[in-house]
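Heads up, the thing below is written out as structure tokens.
Each reported figure results from applying straightforward, stated rules to the coordinates on display, with no laboratory input. Small disclaimer: the values here were computed from a predicted structure and weren't measured. Cβ sites come from the backbone with ideal geometry, for glycine too, and all protein chains shown count toward neighbours.
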Amino acid sequence: MPGATGHAPSAVQCSPESGETACAVGVPGSWATRRNLRGAVRDDDGVSDPDPLVARLRAAGCVFAEEEAALLLEAADDQDALERMVRDRVAGRPLEHLLGWAELDGRRVAVADGVFVPRQRTLLLVDLAAELAPRGGTVVDLCCGTGALLVAVLARRPDLDGHAADLDPAAVACARTNLAGPGPGRVHEGDLYDALPPALRGRVDVLVVNAPYVPTAEIARMPPEARDHEHRIALDGGPDGIEVHRRVAAGAATWLRPGGTLLIETGRRQADGTALACAEAGLAAGVVVREMSTLVRAISGGSGSSGTMAR
Ligand SMILES: C[S@@+](CC[C@H](N)C(=O)[O-])C[C@H]1O[C@@H](n2cnc3c(N)ncnc32)[C@H](O)[C@@H]1O
């Protein structure tokens, strides 16, 4: 699975900020008919006349109904299996959990039930980590979930030494699958920095973090795909959303080498608080915004200031 290329419409790309919606599926009809009616059929007026599966997906709010239908058809071994998947999808289970994989940066990663589905907006972390890490340097993906961010960084920069860590055993199991390879294990289980091998202390060049940052009270307003199907520990950032960020920032200077960089995804409304937490921990921090993505870039050994960075 790791390293394979794939394409999936990201069904779970929701955040309280983006207002993305959930989606569901289904239809009767023969197995052969479904196989033959994957896409929409246009009538003479150019109006879409989708096959029943696509129609149900669309009616349930799926933006990428055709692609989802095709992926479900491909994944199901027989009609019964398809019906089960359709029912689960209608009930709001994320497409990625049904398929058992998600796509990030053109690569498939295994994702198990409950584990956070990597979001496309997090590619900004990948872009900057791959750009900033020195040749042969060390990158740590803290709060790694599936490990998709480190998989993407190492695919672009195979010269790097990469480590990943998470507290959720289900996430760690996925990351171990996705980051399997020769040599000592590089996926660690535990609370933030406690999980890391002591030998990494003071040696990390780039610390990549997409930790939970949804304020506790806002979880109830998240789309059900996230709220009901991703573990609470993957979403809950405490009362103001930056509780975990404060802990990450507080430990960063200990684990980064002098001049090393912390890249931490945050929300638009949490960005100033995340940057302040980094500054209070003695890092020089700035907010970086690109389209739907917001992160704080903080440099160890800096002045303890915070502001805005171009990128
Ligand atoms: C928003 S998800 C992001 C996962 C992954 N970085 C990604 O972008 O796909 C946050 C992750 O942080 C993990 N996490 C939450 N609190 C943690 C802690 N105290 N120590 C380590 N991991 C933690 C969760 O288990 C979850 O996998």
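Quick look at the numbers
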quantity: Simple spin-label estimate for Asp272 and Gln120 in nanometres, 7 Å along Cα-Cβ; calculated: 3.0 nm
quantity: Net +/- balance of residues flanking Ala234 in space, Cβ distance below 10 Å, scoring K and R +1, D and E -1; calculated: -3
quantity: Listed peptides 83-93, 150-160, 254-264 by packing density, highest first (mean Cβ within 10 Å); calculated: 254-264, 150-160, 83-93
quantity: Fewest-first ranking of Arg232, Arg58, using other Cβ atoms within 10 Å as the exposure measure; calculated: Arg232, Arg58
quantity: Two-site FRET efficiency, Asp191 against Asp240, from Cβ-Cβ distance with R₀ of 22 Å, rounded to 0.05; calculated: 0.65
quantity: Counted charge near Gly145, where neighbours are those whose Cβ lies closer than 11 Å (Asp, Glu -1; Lys, Arg +1); calculated: -3
quantity: Inter-probe distance in nm under a simple model that places probes 7 Å from Cα toward Cβ, at Ala75 and Arg221; calculated: 3.0 nm
quantity: Rounded if a/c under 1.5, otherwise prolate or oblate - the stretch 179-276, Cα gyration tensor axes; calculated: oblate
quantity: Extended-chain gain in nm, criterion 0.36 nm per residue less alpha-carbon gap, Val289 and Arg232; calculated: 17.9 nm
quantity: Estimated FRET transfer efficiency (Arg203, Glu280; beta-carbon r; R0 22 Å; 0.05); calculated: 0.40
quantity: nm² value of the averaged projected area, convex hull over the Cα atoms of the stretch 122-237; calculated: 7.4 nm²
quantity: By average C-beta atoms within 10 angstrom, highest first, the peptides 216-225, 164-173; calculated: 164-173, 216-225
quantity: Net charge contributed by nearby residues that have their C-beta within less than 11 Å of Pro224 (K/R +1, D/E -1); calculated: 0
